[in-house]
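The values are calculated or read from the model by the stated rules, or taken from the named source; none is laboratory data. All values derive from a computational prediction rather than experimental measurement. Note that each Cβ is placed from the backbone with ideal geometry, even for glycine, and that neighbours are counted across all protein chains shown. Calculation scope for accessible area: heavy atoms of the full protein, side chains included, ligands and nucleic acids excluded. Shrake-Rupley method; radii C 1.70, N 1.55, O 1.52, S 1.80 Å.
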Amino acid sequence: MTVLGAAGAATWRDLYRGAAGRLGSDREARWILEEVSGRPWAALWGEDAPADSESARRRLVSMVERRCTGEPLQYVLGRWPFRDLDLLVDRRVLIPRPETEQVTGVALDELDRIVRRRLDGGGRRAAEVVVVDLGTGSGAIGLAIAAERSGARVWATDVSSPALHVARANLEGAGRCAARVRLAEGSWYGALPEPLAGRVDLIVSNPPYVSTAEMDDLEPEVAAWEPRVALEAGATGLEAVEAVLSGAPAWLSPGGAVVLEVAPHQSGAAAERARAAGFGQVEIRPDLAGRDRAVVARDAGGARNASGPRDAP
């Protein structure tokens, strides 16, 4: 840490060594130096010239100290990758996670199924689909779908005004797909305009699914920093899941689907909630670690996916 705090002609390599020693992590030190410098690590390591400026050094010191207090690395950096996106993130939103990236992939598969079904049926405007991302947070799921499927028109909603400020900033940096994304504030379906009822092809959500009792068991880095409103669902942990599923039939078009991220131990109960809401086809998809992670619920008229996921119990 002496190098980090000292004045003088320290190189980026010197600063890296000081940061790595303070953090106890070479990898995190590299990420922080890349963020501060705006340059790739390989270029920094091979350079013997002094670091660019004293302001860069001060920013580096600040970021290292924030990380040492337990603040998540993603918030320290102020951004984090999600699929093909580079998202702005801070304490107003959940940190995008690999599990949610995979749930987004499940949602994209469902979207492709819906488009194929329309094409087979000779429907008009078959390639255009309407997607609703409920509880969007940083905008991760909705923006990824819009970026990866040019025929998708996306409504991304959240009850949290601060979260939507982050989503709006990410939308502004999303490029051409931003024109197909609308942000709306409100609780679940209350954020959507009435004319969308019966016209939504896919509803996707990573809702709060931690029970009140489970909040005490979360890692401190999660419980102390990430927004509680995006984590805690209520006494059972299924309150938000049930709200999304029970409200979905009124908004889905024929053949539409819901894709939900859930905690592995909730998957069976979530599938029961889907059936109780009137969905005749319910599947559970695993994450990369083999844990139940996504619940897929289809309209009773939807075609069954023949790719082989196991039926929900």
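The table for this structure:
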| quantity | calculated |
| --- | --- |
| Checklist (1) open to solvent by less than 20 Å² (accessible area, probe 1.4 Å); (2) over 20 Å from T212 (Cα atoms); (3) of a type in the set (D, E, K, R) applied to E261, failing item | (2) |
| Number of the condition not met by P162 [criteria: (1) buried (at least 20 other Cβ atoms within 10 Å of the Cβ); (2) part of a helix (DSSP H, G or I)] | (1) |
| Top-ranked residue in segment 1-55 [being among the hydroxyl-bearing types (S, T, Y) and within 31 Å of the chain's Cα centre (by Cα); ranked as modelled with the highest pLDDT] | S25 |
| Pair list, Cβ < 6 Å and 6+ apart or interchain, from segment 244-255 residues that are farther than 13 Å from A276 by Cβ and acidic (D, E) to residues that are at pLDDT below 95 and surrounded by 16 or more Cβ atoms within 10 Å (Cβ to Cβ) | none |
| In segment 232-255, the residues that are at negative phi and in contact with a helix residue (DSSP H, G or I) (Cβ under 7 Å, 6 or more places away or on another chain) | E232, A233, L238, V241, E242, A243, V244, L245, G247, W251 |
| Pick from segment 170-196, criterion open to solvent by less than 40 Å² (accessible area, probe 1.4 Å) and touching a residue at least 60 places away in the same chain (Cβ under 8 Å), ranking: farthest from L94 (Cα to Cα) | L196 |
| Yes/no for R199 being open to solvent by less than 60 Å² (accessible area, probe 1.4 Å) and either in contact with a Lys or Arg (Cβ under 6 Å, 6 or more places away or on another chain) or within 22 Å of L143 (Cβ to Cβ) (or both) | no |
| Some residue of segment 121-132 being open to solvent by 50 Å² or more (accessible area, probe 1.4 Å), among the charged types (D, E, K, R), touching a strand residue (DSSP E or B) at 6+ places or on another chain (Cβ under 9 Å) and not in a helix (DSSP H, G or I) | yes |
| Residue that is nearest to L252 (Cα to Cα) [pool: residues in segment 214-229 that are open to solvent by 40 Å² or more (accessible area, probe 1.4 Å) and of a type outside the set (D, E, K, R)] | V229 |
| Filtered residue count, segment 199-221, keeping only those that are in contact (Cβ under 8 Å) with a residue 40 or more places away in the chain and farther than 20 Å from A156 by Cβ | 3 |
| Test set (1) among the basic types (K, R); (2) in a loop (DSSP other than H, G, I, E, B); (3) buried (at least 16 other Cβ atoms within 10 Å of the Cβ) - R39 fails condition number | (3) |
| Within segment 230-288, tally of residues that are basic (K, R) and within 27 Å of V166 (Cα to Cα) | 0 |
| Candidates E185, E128, filtered to the one that is modelled with pLDDT of 95 or more, among the charged types (D, E, K, R) and either more than 18 Å from the chain's Cα centre (by Cα) or farther than 27 Å from P98 by Cβ (or both) | E185 |
| Identity of the residue in segment 202-213, open to solvent by 30 Å² or more (accessible area, probe 1.4 Å) and under 17 Å from the mean Cα position of the chain (by Cα), that ends up farthest from E239 (Cα to Cα) | N206 |
